[in-house]
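To start, the structure itself, in structure tokens.
Throughout, read-outs are computed from the coordinates displayed, never taken from laboratory work. Since this is a predicted model, take the numbers as computed values, not measurements. Here the Cβ is made from the backbone with ideal geometry for all residues, glycine too, and neighbour counts use every protein chain on show.
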Amino acid sequence: MVKKSIYPLFLLGIAYLLFSSQDAKIIIAGIAIFLIGMVFMEDGFKLFSGGMLERVLEKSTSNMPKAIVTGFFATTMLQSSSLISIIIISFLSAEMISLFGAVGIIYGSNIGSTTTAWIVSSLGMKIDIAHYAMPMIIFGVMFRFKNNNAYKGFGNILVGLGFVFLGIAYMKDGFDALKNGLDLAQFAMDGYLGILVYILIGAVATVVIQSSGATMALIITAVATGQIEYVNALSLAIGANIGTTVTAVIGAVSSNSNGKRLAVAHFIFNVLTAIIAIVFLYQLADFVDILSATIGIGDKDYAMKLALFHTVFNVIGVLTVSPFTHKLVVYLEGLFIEVEEGVSRAQYLDDVVIAVPESALVAIKKEVIHLYDNATEVLAHAISLHRHSFLNKENILEVVKNSTTKIDINVGKFYETKIKELYGDIVNYATLSQDKMDENQIRQVYYYKVASKDIVEAVKDVEELQKNVNFYQKSNNDVIKNEYNILREKIANTLDKIEDIRNDEDDMDSMLKVKQLKIDINELDIIENGRIDSLIRSNSITTKMATSLINDSSFAYDISKRLIEVAVTLWIEDEEIKTLTGEAS
């Protein structure tokens, strides 16, 4: 709400600056063009990598050094710490990586984000980069018209880089022109008061622009053109780092628990790093002077020295905070604990996750499994069984015969609270997630939606079956009671064998179990196998009993068949083996 109310005021402020100052218009245009370039580069690398980045991030978090290095290189390549944060939050939500590994990547990402300052200070301030911007944009647009995703991605990268260069040139020209009418250096303050004021300005600027990279580009062009003092530029850089955490916190408000925890970790890291930099600002500035002379940066090259300072204090922050990451993770895991009450809703589907197709697929699969687990509870209780009583038991029929006490469960109410809303969440999320997916991923989403529908239909069928199961359990006719025990046993056996498939990593073994299950449930077709005819001819059951048994056998068969299809979709990975089971996907 606060963000929405501030936005119109922000637009009015921008409009005033655009119409009141030609120089401000050039600087603001430069920021806008720079941000467009960052967006194009981000999209380009996503297309160009073809999901490789996500796979690398997923497998590179086993220890802290590896996670930090991965975060650094990923952010350096993409020039977007926000995209890395989105991917990491999505992996966390889908439980593809640990919180410990995610925090490590955030550390590395903070160092990687400083490379923007190096690009701006080394290229933007040294050469006429606008001269190279136009060819990049032209060739980038040409590549974007290719059908191949790699070419499109490369085209987006070129267009993005061209716009980034063009934006820097505009900002530089704007500050050069502004210098003639206004010298911002006159507002510089000595001592820690000036430091704190400029830190606040840097933080606010980053929150407004929504990009620490763009803020750093703005600071570097300002210091390079003499608009601000070097020491105040250092303070602005510290403020930009703090500002990124505010942006992350705002973005995590609508996220799930893992997103919020990662935002808190980001906030804690950046604030602690900023405190260290503030306390030792002058010592760090002296250290940067010494380091600059060692690596050949000129004494008056404040743009390059600012980039070096930005990197140094982030590295110091990582070295200081990373040894305490285990304690930080323990603290974070105690935050934002969700207590489930009433209606069961999605646990893994998050708006942040949807932006990363690989993570979205994992999240959808986990949510369908969540739906399945909810359903198996009601399926067992509806036929008067507890799951723990028959799972992994050798003689399930014996368990069924001994379980004669009715379990009082309202299947309709259970469906409304534990199934319906969750199913709706899955279908809605699965549909929206397809926008950024390729053909194979869209097909997999379709199978997950079908599996969800099968689970829902199984629950609806068991509601019909429950009435007669409860009724005939009290019957004095042992024959009809035994027939209904067979139906109960077949459903329980199906659930039991599916649990085996779920825990079996060998897809070939799972395929054999599926084939055996299909043979087993064929016994439920009492018309085809002639058992109903035999019962009627021998007067073992009444006509009414026969009609009920025929209908309920059909329900039991459909329930079991649907659950088997769900198991194939969720727990057999190999596509060829899936096809061999007779359930191609």
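Odds and ends about this structure:
- Packing-based ranking of 157-166, 404-413 yields 157-166, 404-413, ordered from highest to lowest mean Cβ neighbour count within 10 Å.
- Stokes-Einstein D in µm²/s, Kirkwood radius over Cα pairs - the range 266-316 at 25 °C with 0.890 mPa s viscosity: 217 µm²/s
- The Rg/Rh ratio for the range 449-506, using Cα coordinates for both the radius of gyration and the Kirkwood hydrodynamic radius, is 1.10.
- A protection proxy built from the mean count of other Cβ atoms within 10 Å ranks the segments 131-142, 567-578, most packed first, as 567-578, 131-142.
- Cross-link partners of Lys305 among lysines (Cα-Cα below 22 Å; sequence separation of 8 or more within a chain): Lys126, Lys172, Lys179
- Global form of the range 399-494, assessed from the alpha-carbon gyration tensor, a/c cut-off 1.5: prolate
- The range 279-296 and the range 509-574 have Cα centres spaced 78 Å apart.
- Spin-label pair Thr417/Leu11, simplified geometry with 7 Å Cα→Cβ offset, distance in nm: 4.5 nm
- Contact order relative to length of the range 354-450, as percent, for alpha carbon pairs under 8 angstrom and 6 or more apart: 45 percent
- Distance in nm between pseudo-label sites at Glu333 and Asn392 (7 Å out along the Cβ direction from Cα): 2.3 nm
- When the range 412-461 is reduced to its Cα atoms, the Kirkwood hydrodynamic radius in Å: 11.6 Å
- Difference of contour (0.36 nm per residue) and Cα-Cα distance, Tyr282 to Ile138: 47.3 nm
- In this structure, the pairs whose alpha-carbon distance is over 29 Å, taken from Lys365/Lys515; Lys393/Lys515; Lys66/Lys578, are Lys66/Lys578.
- For the pair Ser538 and Ile409, label points projected 7 Å from Cα toward Cβ lie 3.2 nm apart.
- Computed FRET value (nearest 0.05) for Lys401 with Asn63, which takes r as the C-beta separation and R₀ as 60 Å: 0.65
- Of all lysines in the structure, the ones whose alpha carbon falls short of 16 Å from that of Lys481, not counting any fewer than 8 places away in one chain, are Lys401, Lys406, Lys467, Lys490, Lys544.
- Largest to smallest principal axis extent of the C-alpha atoms in the range 466-573, angstrom: 48, 25, 17
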